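See below for the structure under consideration.
No value in this document is a laboratory result; all are computed from the given coordinates. Values in this document were obtained by computation on a predicted structure and should not be read as measured data. Neighbour counts are summed over all protein chains in view; Cβ atoms, including those assigned to glycine, are modelled from backbone coordinates with ideal geometry.
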Amino acid sequence: MPEPTTASTAAIATLASAGVTVPVLTVWGISLGLRADLLIAGFAGSLVAIVLLNSVPSSGDTWQELLRTTLRRMMVAVASSLTAGYLTPLAMLVAAMPEPLILGSAFAVGGGAQQVLMFMIRRFSGAPPGSPPAMEGGAGA
């Protein structure tokens, strides 16, 4: 029987190198280039913005309005976490910041993504800066 310490050296090296890499998400075998840790940090930042900063306010007390608000908040959280997942590595590269700051940056990007996305939508749609974004349906239609 082989000595347990000699057989496990390769296993320890494999486990140590696997712990350093962060898994990248894939959908249907296609790599999305998104790191799971950045998505979670961006999602947490978006929840802080939604809950504490009331970035997606409720529009009424009827069950239909509460359902619409809940769906809007869910979509904003998903969009903010995706924005954090894709933009944080780019922002870290441009700002030449060290790797240990990446999760805090993803949290900040997730929290601020809602305002940044609204600014970009207004800018590229040609709407004036103070006007609300054009939406399908709603009270104004």
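Cα gyration tensor of the range 22-125, axes a ≥ b ≥ c as square roots of the eigenvalues: rounded (a/c below 1.5), prolate (a/b > b/c) or oblate?
prolate
To make sure I understand, if each residue's beta carbon is the centre and we count other beta carbons within 10 Å, what order do T62, T69, T83, T88 fall in, fewest to most?
Lowest to highest Cβ neighbour count: T62, T69, T83, T88.
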